[in-house]
1. Can you pull out the residues in segment 298-341 that are crowded, with 23+ Cβ neighbours inside 10 Å and of a type in the set (D, E, K, R)?
2. Quick check on my filter: what residues within segment 194-240 are more than 19 Å from the chain's Cα centre (by Cα) and of a type in the set (Ser, Thr, Tyr)?
3. What residue, of LEU67, LEU139, is within 20 Å of ALA195 (Cα to Cα) and crowded, with 22+ Cβ neighbours inside 10 Å?
4. Select from segment 54-64 the residues that are closer than 15 Å to ASN108 by Cα and in contact (Cβ under 8 Å) with a residue 12 or more places away in the chain and list them in ascending order.
5. Hey, among HIS89, HIS99, which residue is without any contact (Cβ under 8 Å) to a residue 12 or more places away in the chain and either touching an Asp or Glu at 6+ places or on another chain (Cβ under 7 Å) or of a type outside the set (Val, Ile, Thr) (or both)?
6. If you go through segment 139-157 one residue at a time, how many are in contact with an Asp or Glu (Cβ under 6 Å, 6 or more places away or on another chain) and part of a helix (DSSP H, G or I)?
7. Give segment 309-356 a look and list any residue that's at pLDDT 95 or above and of a type in the set (Ser, Thr, Tyr), or say none.
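The values are calculated or read from the model by the stated rules, or taken from the named source; none is laboratory data. Note that the structure is a prediction, hence the values are computed from the model and not measured. Positions of Cβ are generated from backbone atoms using ideal geometry, with glycine treated the same way; all protein chains shown enter the neighbour counts.
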Amino acid sequence: MSTNSEFLWYIPNVVEPGHRGDATSENHNSFDTLTSHAKALEDHGWTGALLGTGWGRPDTFTVATALAARTTTFEPLIAIRPGYWRPAHFASAAATLDHLSGGRVRINIVSGKDNLAAYGDSEGDQAHRYARTKEFMRLVRRLWTEKNVTSAGEHFGVTDSTVVPPIVVRGDRRHPRLYFGGASEAAEQVSATEADVQLFWGEPLDGVRERIARLKALSETLDRDLPPLQFGLRITTLVRDTTEQAWADAEAKVAEMAKGQGAGWNDHKRVIAVGQQRLLDLQNQGDVLDDNLYTAPGKFGGGGAGTTWLVGSAEDVARSLRKYEALGITHFVLSDTPYLAEIKRQGDQLLPLLRS
């Protein structure tokens with residue numbers, strides 16, 4: 001794979017133990033346990049990890065800040081929601097953490113449904129939601145790259161606003177990267193104009209190829225005024241020493257999910273978004289698509305990145321990920337459970353193949 005591809009993991013950031021079949025322990029979300037994951041990521045070749053967000057979870061930004069303080073290279077990809085934050089407040093918090101961590105902050109902007117009323121937020125229809133997200137991203141980027149910003153938008157406004165400390169430009173990194181997901185038409189318009197990285201879930205190669213082409217075309221149609229949009233893949237990777245062992249374990253895991261109707265596999269009950277529906281619809285095409293994309297988990301409660309899995313030996317999974325890279329994917333956010341053991345296994349077995 002090319003040297004500019006980046007490999008991140010996932011830290012679930014949940015109160016309940018046993019997330020997606022993880023080992024259950026009382027202290028699963030203690031500071032020491034979370035730190036052990038972040039340090040293992042550093043020790044086994046990973047760039048960092050996505051931290052999940054949503055009301056009813058520990059505050060993601062606080063967790064990311066704590067982990068950044070206990071590590072030296074770990075880069076948190078911090079999931080945040082417009083509406084939970086105001087743009088200037090967020091831009092300042094992120095700039096401060098970027099300064100204190102030496103430029104290790106990445107941001108994943110999430111626009112999906114949440115328990116908004118619990119923190120005093122409200123949203124209209126989908127058009128309203130994505131218009132607000134678009135405005136949030138544009139204003140945050142301005143606050144990171146300009147001084148004395150004045151902006152009067154439909155959703156947010158600031159007057160003579162300067163964020164300190166300023167973001168330090170590091171090579172071609174002008175500010176923390178803004179990752180964004182979403183497969184609806186409204187989401188793709190936001191991504192094409194405002195995101196640095198569009199994250200896809202584990203669709204077959206043809207689906208990803210088609211979406212990349214559409215987003216590139218949209219970027220031109222909508223007169224994107226930023227560097228070219230980059231692309232990422234967020235997927236479960238089930239890696240074992242042999243192909244046979246991987247498939248035996250994958251089928252056993254799905255059988256366990258079926259017994260418990262997928263309890264613990266969905267981050268939280270949510271309205272099924274367009275991107276999630278696309279993944280669930282894949283089951284109609286078969287249990288295994290492409291070479292080793294396993295769709296059966298979605299039948300039994302696997303949601304989001306747990307809906308489809310790449311299954312096989314390290315060589316099998318590396319070969320599949322290379323095919324995604326050939327389509328233009330350069331950011332990979334992988335995971336499997338038990339999280340800590342798999343950070344080490346996949347860091348030692350899979351990453352060297354992807355980097356060679």
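1. ASP336
2. Once the filter is applied, which keeps residues that are more than 19 Å from the chain's Cα centre (by Cα) and of a type in the set (Ser, Thr, Tyr), segment 194-240 yields SER219, THR221.
3. Just one listed residue meets the conditions, LEU139.
4. Answer for segment 54-64, where residues must be closer than 15 Å to ASN108 by Cα and in contact (Cβ under 8 Å) with a residue 12 or more places away in the chain: GLY54, THR60, PHE61, VAL63, ALA64.
5. Working: HIS99 fails: without any contact (Cβ under 8 Å) to a residue 12 or more places away in the chain.
Among HIS89, HIS99, only HIS89 is without any contact (Cβ under 8 Å) to a residue 12 or more places away in the chain and either touching an Asp or Glu at 6+ places or on another chain (Cβ under 7 Å) or of a type outside the set (Val, Ile, Thr) (or both).
6. Selection size over segment 139-157: 0.
7. SER313, SER320, TYR324, THR330, SER335
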